[in-house]
């Protein structure tokens, strides 16, 4: 069934306030194609803790357009790791203003991390294997603009295969945006006045719990190392059956109402496009609340800017954790 995917508002960085001013409702950046750098795998450290939305292309990957066709296939063969990509040392981040981004797994399954390519700031790889309980650190060039996400249920042979969620057109090394739904970490680095803009987005749905921490920079991190913020902590999405994406009869992801059900109201189009009308509490069912409950700091629908966009001043490094806040 064809659908129109959600869209986030255009970038308006001029409205941003410098990082020294706390807790401002910023209008987001990000969501342009981007690349990623090489990696090294190690034991995981202790738990850590825009936007024109993508739409799937003919290969089932999302792209920064307003209309789309659905992914043709979501199921995949049983997970198996592809050959490791050839990494460049993460220490290369010390040169040319590059950054370090560390992916940490707090889940029990293998994740195949992916990145969208940024042709203006290319990196040497756009796919990595993240084993359960491990971490992978990559270098990211300054001014990189793109997204990271985790793929699940993947099987690759010589770099070609398929994933149950977040698939990149059947390739281990991504050449575009991935298939939705997937939880996204979106970045626009050094975008304005020395600020990075970043967010976690579930506008098109979610496949993994995720939170972002600052590990270097001049800005105080508003999210704790265990994935908690002022409005709450990180939990798994309690996905209603209407939005579930299944593989082999098992729910593997949760699609957004716009992507799954369509319609101008769920997608904030037409008469529902103004911010005053793009209000999930006015929807037939407030499906955005499902995602906001799980990750209160993340985008849950197209206009969820006020509680979802974060900034970091200086040459900031980051940790992206796949996992929920530990109990207790």
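The values are calculated or read from the model by the stated rules, or taken from the named source; none is laboratory data. Only a predicted model underlies this, so the values are computations on that prediction, with no experimental measurement involved. No Cβ is skipped: glycine too gets one built from the backbone with ideal geometry, and neighbour counts run over all protein chains shown.
A few remarks follow.
- Checked against (1) at pLDDT below 95; (2) crowded, with 16+ Cβ neighbours inside 10 Å, residue 314 passes all but condition (2).
- Checklist (1) closer than 13 Å to residue 185 by Cα; (2) modelled with pLDDT under 95 applied to residue 319, failing item: (2)
- Some residue of the stretch 225-240 being in contact with a helix residue (DSSP H, G or I) (Cβ under 6 Å, 6 or more places away or on another chain), at pLDDT 95 or above and either more than 27 Å from residue 142 (Cβ to Cβ) or surrounded by 16 or more Cβ atoms within 10 Å (Cβ to Cβ) (or both): yes
- Within the stretch 144-158, the residues that satisfy the criterion of being buried (at least 24 other Cβ atoms within 10 Å of the Cβ) and either out of contact with any strand residue (DSSP E or B) (no Cβ under 9 Å at 6 or more places or on another chain) or over 27 Å from residue 108 (Cβ atoms) (or both) are 144, 146.
- Taking the criterion of being on the phi < 0 side of the Ramachandran plot and in contact with a strand residue (DSSP E or B) (Cβ under 9 Å, 6 or more places away or on another chain), the residues of the stretch 162-175 that qualify are 162, 163, 164, 165, 167, 168, 171, 172, 173, 174.
- In the stretch 163-217, the qualifying residues are those that are closer than 18 Å to residue 120 by Cα and touching a helix residue (DSSP H, G or I) at 6+ places or on another chain (Cβ under 9 Å), and the one that is surrounded by the fewest Cβ atoms within 10 Å (Cβ to Cβ) is 192.
- Elements of type helices (runs of 4 or more DSSP H) in the stretch 211-309, at least 2 residues being closer than 28 Å to residue 328 by Cβ: 288-294
- Scanning the stretch 296-328 for residues that are closer than 19 Å to residue 258 by Cα and out of contact with any strand residue (DSSP E or B) (no Cβ under 6 Å at 6 or more places or on another chain) gives 300, 301, 302, 303, 304, 305.
- Test: residue in the stretch 265-284 that is under 22 Å from residue 114 (Cα atoms), at pLDDT 95 or above, buried (at least 23 other Cβ atoms within 10 Å of the Cβ) and touching a helix residue (DSSP H, G or I) at 6+ places or on another chain (Cβ under 9 Å): no
- Test result for residue 108, surrounded by fewer than 23 Cβ atoms within 10 Å (Cβ to Cβ), under 18 Å from residue 183 (Cα atoms) and more than 17 Å from the chain's Cα centre (by Cα): yes
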